[in-house]
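Derivation of every value follows stated rules applied to the coordinates shown; laboratory data play no part. Remember, predicted model here, so these are calculated numbers, not experimental data. All Cβ positions, even for glycine, are placed from backbone atoms using ideal geometry, and neighbour counts span all protein chains on display.
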Amino acid sequence: MDATRVEAAGEAVRPTRAEAGPEDWLRSRAYALLARLFAEIPSADVIDSLSGLETGDEEGPLVDAWQRLARAADQSDPESLDTEYHALFIGLGRGEVLPYGSWYQSGFLMGRPLVQLREDLRALGLEREADVKEPEDHVGALLECMALLSGPDGMSLAAQREFFNAHLSAWIERFMQDVQQAESADFYQAVGAFGERFFVTEKQYLEMV
């Protein structure tokens, strides 16, 4: 399953990032990484990249979570990742954790939050690719949108904050906590812990700038 493939349509998403700095590049890459990890079973290339992560002499809760993720990747194997991903997010009918914004915001799939999201995506010039079946409020798709918006050809920090607050802020930490607490979670405990810590930091950053 690949829920994250979105593309720019028209000219709505265009470079407006005069204020962008190194921290914005790191934010964009973190969003892109989390998008891939939640969109599909992690590929060997992704796991190899995570296993080789180095943080140097940096310290802090986010660095600790990053290091834990690297260790979890190093100890993983393709078969267990496949089994874990399916149990968590697909299952027989549904997985242990429902990775949809509408579910977390309203208790229903395909609810009003998805309608508003689609309107906002159209305004930004972003649309789901035709062969993607998952709705746009899949967590992988939302994180890829933020990766695009925070990237070098993305939108202003004010626009990023508006999108984040409208479609992620209210529930993304709770989702990451649910992933960590899921019975089938092993590798994804580390993913959820990194995601939770990243979004604590991200909220602070977006409110500060």
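What FRET efficiency comes out for E183 versus D45 if R0 is 30 angstrom and r is the Cβ-Cβ distance? Round to the nearest 0.05.
With a Förster radius of 30 Å, E is 0.60.
Assign unit charges at the C-beta atoms only (+1 for Lys and Arg, -1 for Asp and Glu), then state the dipole size of the chain relative to its Cα centre in Debye, rounded to the nearest 20.
720 debye
With Kirkwood's inverse mean 1/r over C-alpha pairs for Rh, give me the Rg to Rh ratio of the stretch 56-137, two decimals please.
Answer for the stretch 56-137: 1.10.
Tell me which DSSP H helices of the chain clear both cut-offs, 30 Å or more of axial length from alpha-carbon atoms and a mean Kyte-Doolittle hydropathy of at least -1.0.
187-208
Over all directions, how big on average is the projection of the convex hull of the alpha-carbon atoms in the chain, in square nanometres?
Seen from a random direction, the Cα hull of the chain projects 11.4 nm² on average.
Report the longest stretch of the chain that contains none of the GluC sites (Glu not before Pro) sitting in a DSSP loop with at most 14 other Cβ atoms within 10 Å.
Here the longest segment lacking exposed loop sites spans 60-128.
Taking 0.36 nm per intervening residue step and subtracting the Cα-Cα distance, what contour gain separates E129 from Q116 on full extension?
Going from the current span to full extension adds 2.8 nm.
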